[in-house]
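Scroll down for the structure; my scribbles are underneath it.
Every read-out reported here was derived from the displayed coordinates using simple, explicitly stated rules and does not represent laboratory data. These numbers were taken from a predicted model, which means no experiment stands behind them. Heads up, the Cβs are rebuilt from the backbone with ideal geometry, glycines too, and the neighbour counts pull from every protein chain shown.
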Amino acid sequence: MHDLQIQLRISGIRSSRVSWAKPEMMHLTLKFLGNVKISRLDTIKSCMRLAVTGIPTHTLSASGVGVFPSIKKARVIWSGTRGQTDVLERLSNRLDDIIFDELGIKKNTARFSPHLTVARIKKPIFSKTIIQLLHEFQDYCSNDFLVSEIKLIQSRLTSSGAIHKIIFSAPF
C-alpha cells in the first residue's frame, strides 16, 4: 500500500492536505466496537476465537481508490479489496453475529464494504481533483497479501494521525 501512497503523492495530492496512514498499521475493519469496558475484553477475545473457527487463510489485494463520505466532502481516501472477498465477508458476518449475541453490540446494518484507509484529508481538496484521482486510480491493484488472523485494535485519532495498538490476535 505504500506504493499507492507514493503514486498519490506524485499525482499531486499534497501532504499538507492529508495525513498518510502508516503502511504497517493499515487494516480492514471487520467490526467497529466503539468504547468497550476492559471487563468485556475476555468475552471479545472468545468471540474472535469462535468467529475464526473454520475460516481458511486467504489472499486479498487492494483495488481502486475511493473517498468517504462523498466527493464534495471527502475526509478519507481509501482503497477497496478484491480476491477472496467472500471469505472475508463470511468472517465479518460471523463476527458481527457472535459479538451481538454475546455482548449485545449492534449489528452492522450497511453491507460490508472492506477497505484500507490510505489517508485522512485534513484540508479540503477540490472536487475536480478528487474526480481526477478516482479516474486515475480506478484500475489500481496491489500485490496480493495473505490474511491469516484477525486482530483487536485500539484506535485513537489525534491531530497527528491515528494511533493503533494491537490488543489481541486470533489466528485462523
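Observations on the structure shown:
- Over the chain, dividing the summed -39,500 (n - 2.57) contributions of all DSSP H runs of at least 4 residues by the number of residues returns a 222 nm mean residue ellipticity of -9000 deg cm²/dmol.
- Förster-model FRET efficiency, 30 Å R0, R82 and L50, C-beta, rounded to 0.05: 0.65
- Helix 85-103 axis, angle to the chain major axis (alpha carbon atoms, nearest 10°): 50
- You can think of it this way: the chain between I166 and L33 has 46.5 nm of extra reach, that is 0.36 nm per residue less the Cα-Cα gap.
- A Förster distance of 41 Å, applied to the separation of the beta-carbon atoms of S148 and F126, puts the FRET efficiency at 0.50.
- When only the Cβ of Lys, Arg, Asp and Glu is charged (+1, +1, -1, -1), the dipole of the chain relative to its Cα centre reaches about 940 debye.
- Proxy reagent accessibility, fewest Cβ within 10 Å first, across V147, V118, V87: V87, V147, V118
- For the chain, relative contact order (Cα pairs under 8 Å, six or more residues apart, normalised by length) works out to 33 percent.
- Across H58, H27, H135, mean-square fluctuation computed from a Gaussian network of the chain (C-alpha pairs under 10 Å connected) peaks at H135.
- Fewest-first sequence of I131, I13 by Cβ atoms within 10 Å of each Cβ: I131, I13
- Computed FRET value (nearest 0.05) for C141 with K107, which takes r as the C-beta separation and R₀ as 35 Å: 0.65
- To the nearest ten degrees, helix 41-52 and the longest principal axis of the Cα atoms of the chain are 80 degrees apart.
- In terms of other Cβ atoms within 10 Å, T81, T57 run from fewest to most in the order T57, T81.
- Using alpha-carbon coordinates, inclination of helix 127-136 to the longest axis of the chain, degrees: 70
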